[in-house]
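Down below is the structure, laid out as structure tokens.
The values are calculated or read from the model by the stated rules, or taken from the named source; none is laboratory data. Just so you know, these numbers come straight off a predicted model, no measurement behind them. Ideal geometry is used to build each Cβ from the backbone, glycine not excepted, and the neighbour counts take in all protein chains shown. Protein only, heavy atoms only, side chains kept; ligands, DNA and RNA dropped before computing areas. Shrake-Rupley method; radii C 1.70, N 1.55, O 1.52, S 1.80 Å.
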Amino acid sequence: MDILLAFIVGGVLGIAAHYLAPHRPTRGTVLGPVVGALVGGAVWLAFTWAGATTADPWIWLVSFAAPLAVTWPSLALLGRRRVAHDARERIRLKIA
């Protein structure tokens, strides 16, 4: 049941990453929390499969830090790519 904490904290950090990353209007609001929750849960799962227990501090530290370390750069990259794609499409379609 402790994996739920990793999902919840990952989702909350994903919300924070959504608001910290540039180009917020170019992506969906739910993308950040979903990516954060999935990363947090995946890290927790990997650590438990590796034999870590809840008494081990590394499982807590990494599963809470990894969502922010993965989500913010991915959202920034997606936003930047979306802006560039939209600019190319405006040129292609000859829209001001």
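Condition check: modelled with pLDDT under 95 and either open to solvent by 60 Å² or more (accessible area, probe 1.4 Å) or in contact with a His (Cβ under 9 Å, 6 or more places away or on another chain) (or both). Does ALA21 satisfy that?
Considered against the rule, which asks whether it is modelled with pLDDT under 95 and either open to solvent by 60 Å² or more (accessible area, probe 1.4 Å) or in contact with a His (Cβ under 9 Å, 6 or more places away or on another chain) (or both), ALA21 comes out as no.
Taking the range 2-17 as the search range and keeping residues that are under 19 Å from PRO57 (Cβ atoms) and out of contact with any helix residue (DSSP H, G or I) (no Cβ under 7 Å at 6 or more places or on another chain), which one is most open to solvent (accessible area, probe 1.4 Å)?
ILE8
Which condition does PRO73 not pass, out of (1) in contact with an Asp or Glu (Cβ under 8 Å, 6 or more places away or on another chain); (2) outside any loop (DSSP other than H, G, I, E, B), if it passes all the others?
Tallying (1) in contact with an Asp or Glu (Cβ under 8 Å, 6 or more places away or on another chain); (2) outside any loop (DSSP other than H, G, I, E, B), PRO73 fails exactly one: (1).
Quick check on my filter: what residues within the range 26-66 are part of a helix (DSSP H, G or I) and in contact with a Lys or Arg (Cβ under 8 Å, 6 or more places away or on another chain)?
Once the filter is applied, which keeps residues that are part of a helix (DSSP H, G or I) and in contact with a Lys or Arg (Cβ under 8 Å, 6 or more places away or on another chain), the range 26-66 yields only THR26.
Filter the range 30-52 down to the residues that are closer than 16 Å to ALA69 by Cβ and touching a residue at least 40 places away in the same chain (Cβ under 8 Å), then identify the one that is most open to solvent (accessible area, probe 1.4 Å).
Looking at residues that are closer than 16 Å to ALA69 by Cβ and touching a residue at least 40 places away in the same chain (Cβ under 8 Å), I get VAL35.
Report, ordered by the first and then the second residue, all pairs with beta carbons closer than 8 Å, sequence separation of six or more or different chains, a first member in the range 1-25 that is outside any helix (DSSP H, G or I), and a second member that is loosely packed, with under 15 Cβ neighbours inside 10 Å.
That search, which allows pairs on different chains as well, returns ASP2/THR54; PRO22/ARG80; HIS23/ARG80; HIS23/ARG82; HIS23/VAL83.
Quick one: in the range 53-68, of everything that is over 13 Å from the mean Cα position of the chain (by Cα) and surrounded by 17 or more Cβ atoms within 10 Å (Cβ to Cβ), which residue is farthest from MET1 (Cα to Cα)?
Filtering first and then ranking leaves VAL62.
Is it fair to say ALA55 is out of contact with any Gly (no Cβ under 9 Å at 6 or more places or on another chain), hydrophobic (A, V, I, L, M, F, W, C) and modelled with pLDDT under 95?
yes
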